[in-house]
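Reading through the structure tokens given below for one structure.
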Amino acid sequence: MTLYGRFDFDHIARWIQPGERVLDLGCGDGTLLKFLQQGKGIHGYGVELDPDNVTACIRNGVNVLQFDLERGLQGFEDDSFDHVIMSLSLQTVRHTVPLLKEMLRVGHEAVVSFPNFGYQPHREAIAAGRMPVSKHLPYQWYDSPNVRFFTIADFDALCAEQGIQVRELLAFANGQPVAGDPNLKGEVALYRLGRQGAASGG
Amino acid sequence: MTDPNSVGLVVPQTARFDQEIRLKSGACLPGFELVFETYGQLNAARSNAVLVCHALSGSHHVAGYYDAQQKKKTLGWWDNLVGPGKPLDTNKFFVVGVNNLGGCYGSTGPRSINPETGKPYGADFPLVTVEDWVEAQARLADRLGIGTWAAVIGGSLGGMQALQWTLAYPERVRHGIVIASAPRLSAQNIAFNEVARQAILSDPDFHGGHYYEHGVVPRNGLRLARMVGHITYLSDDQMAEKFGRQLRHGEHRFHYDVEFEIESYLRYQGDKFAEFFDANTYLLTTKALDYFDPAFDYGGDLRAALARARADFFVASFTTDWRFSPERSREIVYALLHNGRKVSYAEIDCDAGHDSFLLDAPHYHAALGAYLEGIAP
């Protein structure tokens, strides 16, 4: 069992060294940062737009900054964080490429997770003529906060094209790591990313 | 009927300081008095004290009331925030409000008698700065036996004092709470202050600041100053919503008396203010605002200026505040991040412009209340 019921937290925590500076974009109520503060003694900051989540972060004892990610990270200095995390919200942001580049400007490494559109049951839904609705894509097409729909293969291609180094990829289904083809079997993808040519800090 | 969330009837106190205070300008006051109020109980560890710093027109009277028959009229200026069970909870915190040096609510200021002349200081009262205010407040803290504040909190000019506390006395402030404030005024801000000052200085009743001796006050100048100020404290949207182009008489009458409701409102606000506020205090307070710039001694580098701070911070701004815009608060936040300070920042959606910090928008008080709850000893 993982703490707080989020299966990916333990895997993310494994990539974080004790005492690191961590920035969590779209941090929600601050649960991940709280987990990392308690487990790893990190110096964490969350970015969150929703006011109720901002208050929840404060209640969780997490530093939170109410910034709009669509405005980018321009106020954050180069290399000011060891890890910049974006957990399950990359698909909700319109400016995907600039944001990924900003994450790797501000942080030595980026940790990104997203629901994989290429997951087999999703493909089957499309094959049957309907948009997929699942645990990690719980919305109907007309009320989804997601604005980008992409697969693990799409994301790999983007990283290659943009000079973003994929240092690790883990795929999960039903909260468990999957073996074999991640793009077919993975419901959620979790990436550790770095700058091309830079030393891996993993 | 007693309100369980009110600190109730309060009485101000006066502290006298006989040791001279050297001001940033180089001027010296041989001694001074500060009027203050306290709410709640200082705990045995003396670890629960919170200083509330006031803005341009505020005072030591933060919470509670002076007259049970006239509660509303004599209510403290931040009563919606401070009280039992309120966000700044007086069941947990010992809260101190103080009228600043140079003020007109009883602390030593231009209305006080200059011991050298036996007459009111008037224009001879030295210009005081945010740094001087913090210095005077520190002496009050010593007097009250408060070594370290749990928090220093303020909005607008009060936020500047909270920030200054964390720089002047890094070890004496655990949390700086800086609301609707800025690390320095913009040229536009100084320009508004200058218009306000010129309104007062050019009033024939000003008499070079020695109007007390003439038995008059520069009421018109003060009134104009407040009217200009008031425009900048509200948002365009809010003014449009509240007043729009509403006409007093439902028609254009082609004269200079009140026709549009916004004119009536501004005149009322100006008149009310000119009744009680001291013009010399207004002048010197706007100068204190203009001068405040902790980065000045660091070549304009705010990050370097804030390197001394040791406190944790809560910073808040309001989306419609164009006098102290969110961008200015973000500058503070980024400078604190640079220095590795713990900081939370709330950018609150509220349509009331700069004055939002005095209101109780739900997300504002929720975030601030959560922060304060988290730091209660």
For the list (1) open to solvent by less than 50 Å² (accessible area, probe 1.4 Å); (2) out of contact with any Phe, Trp or Tyr (no Cβ under 6 Å at 6 or more places or on another chain), I need the number of the one condition that A:Leu65 fails. (2)
First in the stretch B:119-143 and touching a residue at least 40 places away in the same chain (Cβ under 8 Å), second anywhere and surrounded by fewer than 24 Cβ atoms within 10 Å (Cβ to Cβ) and of a type in the set (Asp, Glu), Cβ under 7 Å, 6 or more apart: B:Lys119/B:Glu213
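Okay, residues lined up against (1) in contact with a Gly (Cβ under 7 Å, 6 or more places away or on another chain); (2) among the aromatic types (Phe, Trp, Tyr); (3) part of a loop (DSSP other than H, G, I, E, B); (4) more than 26 Å from B:Gly122 (Cβ to Cβ):
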| residue | (1), (2), (3), (4) |
| --- | --- |
| B:Ile190 | no, no, no, no |
| B:Gln198 | no, no, no, no |
| B:Asp205 | no, no, no, no |
| B:Val217 | no, no, yes, no |
| B:Val228 | no, no, no, no |
| B:Ile231 | no, no, no, yes |
Return yes when B:Leu368 is in contact with a His (Cβ under 9 Å, 6 or more places away or on another chain), at the interface with chain A (Cβ under 10 Å from one of its Cβ atoms), within 22 Å of A:His43 (Cα to Cα) and among the aliphatic types (A, V, I, L, M) and no when it is not. no
Expected single match for open to solvent by 10 Å² or more (accessible area, probe 1.4 Å) and without any contact (Cβ under 8 Å) to a residue 24 or more places away in the chain among B:Glu20, B:Glu33 is B:Glu20
When B:Leu185 is run through (1) out of contact with any Lys or Arg (no Cβ under 8 Å at 6 or more places or on another chain); (2) modelled with pLDDT of 95 or more; (3) under 30 Å from B:Val333 (Cβ atoms); (4) in a helix (DSSP H, G or I), the failure sits at (4)
Regarding the stretch B:224-241, can at least one residue be identified that is open to solvent by less than 40 Å² (accessible area, probe 1.4 Å), of a type in the set (S, T, N, Q) and within 18 Å of the chain's Cα centre (by Cα)? yes
(1) over 23 Å from A:Asp8 (Cα atoms); (2) open to solvent by 20 Å² or more (accessible area, probe 1.4 Å); (3) in contact (Cβ under 8 Å) with a residue 24 or more places away in the chain: which one isn't true of A:Leu73, the others all being true? (2)
Would it be correct to say that B:Tyr256 is under 26 Å from B:Leu201 (Cβ atoms) and either in contact with an Asp or Glu (Cβ under 9 Å, 6 or more places away or on another chain) or not in a helix (DSSP H, G or I) (or both)? yes
Identify, by number, the condition in (1) more than 27 Å from A:His108 (Cα to Cα); (2) at pLDDT 95 or above that A:Asn183 doesn't meet. (1)
Tell me, yes or no, whether the stretch B:307-328 has at least one residue that is away from chain A (no Cβ under 13 Å), charged (D, E, K, R), surrounded by fewer than 17 Cβ atoms within 10 Å (Cβ to Cβ) and touching a residue at least 40 places away in the same chain (Cβ under 8 Å). yes
Quickly run through the stretch A:36-48 and pick out the residues that are assigned to a helix (DSSP H, G or I) and either among the acidic types (Asp, Glu) or surrounded by fewer than 19 Cβ atoms within 10 Å (Cβ to Cβ) (or both). A:Gln37, A:Gln38, A:Gly39, A:Lys40
I need the helices (runs of 4 or more DSSP H) fully contained in the stretch A:49-139, keeping only those with at least 2 residues that are within 12 Å of chain B (Cβ to nearest Cβ). A:51-59
Filtered residues of the stretch B:42-101 (kept if within 30 Å of B:Asn280 (Cα to Cα), open to solvent by less than 10 Å² (accessible area, probe 1.4 Å) and not in a loop (DSSP other than H, G, I, E, B)): B:Val50, B:Leu51, B:Val52, B:Cys53, B:Val82, B:Val95, B:Val96, B:Gly97, B:Val98
Name the residue that is farthest from the other protein chains (Cβ to nearest Cβ), counting only residues in the stretch B:329-354 that are in contact with a His (Cβ under 9 Å, 6 or more places away or on another chain) and at negative phi. B:Cys350
Regarding A:Gly28, is this residue away from chain B (no Cβ under 14 Å) and not in a helix (DSSP H, G or I)? yes
From the options B:Gly300, B:Gly250, B:Gly270, residue that is under 21 Å from B:Glu194 (Cα atoms) and small (Gly, Ala, Ser): B:Gly270
If I filter the stretch B:265-277 for residues that are surrounded by fewer than 19 Cβ atoms within 10 Å (Cβ to Cβ), among the small types (Gly, Ala, Ser) and at pLDDT 95 or above, do I get at least one hit? no
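The values are calculated or read from the model by the stated rules, or taken from the named source; none is laboratory data. These figures come from a predicted structure and were not determined experimentally. Neighbour counts run over all protein chains shown; Cβ positions are idealised from the backbone, glycine included. The protein model used for the area step is the full one, side chains on, heavy atoms only, and it has no ligands, DNA or RNA in it. Shrake-Rupley method; radii C 1.70, N 1.55, O 1.52, S 1.80 Å.
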